[in-house]
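Taking it in order: structure first as structure tokens, then the write-up.
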Amino acid sequence: YRMGINLLRSDRLEEAMAAFETVRSLSPERIGVQYSIGLTLLRQNRPEAALREIEQEPWEGLRLDGLILAHHALGQAAQSDSALAVMIEGLASRWSYNIAYGLAFRGEADRAFEWLEKALRYHDAGLDHIPNQYLFASLYDDPRWLPFLESIGKSPEQLAAIDFEVTLPE
């Protein structure tokens, strides 16, 4: 599953799909698989198929998260808004990072930044993944993006300055 997530974040979509399908065949009840397959399908510009997968996700938070994205991709604003409202009503403090990237995906930069600030206040662990979260792509050119990344120690320059050495066994 983790390999599939990393492949998806690396835009290696066919490999990600193969990894998620393997997980589904080995553990059909695994939480997150339907959602992750749905995200992969969204990246492949297959929103109808993505929606069908996401609707089968058993974990409410991930299902709502995916419904916000899939319905938006399908041009179904009312359904996307409905899923977003349910997520905000019941899961705001635990899913603020996800709400932020859902809003970014929908092109709502101001609201996305508001929710990123909430994610900071709630100490949302999702912020650790922000450097490689493609769902924030609409914010990359926003003048607030790099200062926000800098404020949490995740700017490209800050990450590049981290000494990282791996010694492989012989």
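Of all accessible surface on the chain at a 1.4 Å probe, what whole percent is carbon and sulfur? List each step's numbers first, then the result.
Working: 4840 of 9360 Å².
Carbon plus sulfur share of accessible area: 52 percent.
Taking every C-alpha pair closer than 8 Å and separated by at least 6 residues, the mean separation divided by the residue count of the range 1-150 gives a relative contact order of 14 percent.
Accessible surface calculations at 1.4 Å, restricted to protein heavy atoms, place the chain at 55 Å² per residue. With viscosity 0.692 mPa s and temperature 37 °C, the Kirkwood radius over alpha carbon pairs of the range 109-166 converts through Stokes-Einstein to a diffusion coefficient of 270 µm²/s. Using 0.36 nm per residue and subtracting the Cα-Cα separation, the extra length available between W59 and D142 on full extension is 26.7 nm. Note on semi-axes √(5λ) of the Cα gyration tensor in Å: of the candidates (1) 54, 22, 14; (2) 39, 15, 12; (3) 25, 23, 14, the value calculated from this structure sits at (3).
The values are calculated or read from the model by the stated rules, or taken from the named source; none is laboratory data. Everything numeric here is computed off the predicted structure, so don't read it as measured data. Just the protein is used for accessible areas: all its heavy atoms, side chains included, with ligands, DNA and RNA removed. Shrake-Rupley method; radii C 1.70, N 1.55, O 1.52, S 1.80 Å.
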